[in-house]
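The values are calculated or read from the model by the stated rules, or taken from the named source; none is laboratory data. None of the values given here were measured: they were computed from a predicted structure. Side chains included, ligands, DNA and RNA excluded: accessible areas come from the protein's heavy atoms. Shrake-Rupley method; radii C 1.70, N 1.55, O 1.52, S 1.80 Å.
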Amino acid sequence: QVRLVESGGGLVQAGGSLRLSCAASGSIFSINAMGWYRQAPGKQRELVATITSGGTANYADSVKGRFTISRDNAKNTVDLSMNDLKPEDTAVYYCNTRARALTWGRVREDDYWGQGTQVTVSS
């Protein structure tokens, strides 16, 4: 089993910055892709950014040039640095990972989600 704990959300004015962090814990053998998703009120959850174990990142068009995703494979953490925040970035941000972990007595690969952290950007 894998537990993801997110931190770093908060309230910031437009143009400001926040850094979100996510730490994975549990009987983890390896973590493949990690990423951040967000869900705004009345909208579906959408991908923000992902990063592979090799460091290859991809971003939603709406955040390219403003957000940067990074990870520390040794610590099983993934961060999202958010700059030049806009009101439309307001959402609950969720950490996600695809990991190989011990669950139900065997090692298997599965997707895991954090509880989410609120990011609010005021104009």
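The amide H of GLY116, built 1.01 Å from its N in the peptide plane, has GLU6, CYS95 as neighbours under 5 Å, considering only residues 5 or more places off or on other chains. Rolling a 1.4 angstrom probe over the protein heavy atoms with all chains in place gives region 6-123 an accessible area of 52 Å² per residue. Sequence-ordered 3J(HN,Hα) estimates for region 84-97 from the Karplus curve with 6.51, -1.76 and 1.60 and θ = phi - 60° stand at 6, 5, 10, x, 5, 7, 4, 4, 8, 9, 10, 8, 9, 8 Hz, glycine and proline given as x. Here LYS64 is the anchor, and the aspartates and glutamates within straight C-alpha reach of less than 18 Å, apart from those fewer than 8 places off in the same chain, are GLU46, ASP79, ASP84, GLU88, ASP89.
For region 2-53, the share of accessible area belonging to carbon and sulfur comes to 48 percent (1.4 Å probe, ligands and nucleic acids excluded).
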